[in-house]
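What follows is one structure encoded as structure tokens, with my remarks underneath.
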Amino acid sequence: MRIAELKQTVVVPEGVTAHVAHNTVTVKGKHGEVSRSWKEPKMNVVLTNNSIIISAKNATKKQKRAINTMKSQVKNIIAGVKDGNEYKLKI
């Protein structure tokens, strides 16, 4: 069963800038810049009013999973450039 139109939205907070071009998302923040591109031909990534919208028309289950994965990755990218990532090695 296909979903007529599936959209997921990620809000870009203050202090973070985002740029979208050809399914490539570039995010700049206090702790650096991260760029990520996806090769999903039926998915669209658009930046409007400080939010990144990931959408697909006539989405299948596979595309629904891909959109949710893309949303999670964008959220993690934003968190990384905003707050930074730190890992402490336990010995």
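Report relative contact order for the chain in percent, whole number only (criteria: Cα-Cα under 8 Å, sequence separation at least 6).
This gives 36 percent for the chain.
Spelling out what I want: for every residue of region 66-79, take phi, set θ = phi - 60°, compute 6.51 cos²θ - 1.76 cosθ + 1.60 (Karplus), and round to whole Hz; glycine and proline get x. Along region 66-79, the couplings run 5, 5, 5, 5, 4, 4, 5, 5, 5, 4, 5, 5, 4, 5 Hz. Extension gain, residue 75 to residue 49, is 7.7 nm, computed as 0.36 nm per intervening residue step minus the present C-alpha separation. Placing unit charges on each Cβ (+1 for Lys and Arg, -1 for Asp and Glu) gives the chain a dipole about its Cα centre, and among 27, 16, 77 the Cα reaching farthest toward its positive end belongs to 77.
Taking amide H as placed 1.01 Å from N in the peptide plane, residue 23 has its amide H under 5 Å from the amide H of 45, each at least 5 places away in sequence or on another chain.
Expressed in nm to one decimal, what extension gain is obtained for the pair residue 60 and residue 36 from 0.36 nm per residue of sequence separation less their Cα-Cα distance?
Between residue 60 and residue 36, full extension yields 6.3 nm more.
Each reported figure results from applying straightforward, stated rules to the coordinates on display, with no laboratory input. Quick caveat, the model's predicted, so the values are computed rather than measured. For neighbour counting, all protein chains shown are included, and Cβ atoms are generated from backbone atoms with ideal geometry for every residue, glycine included.
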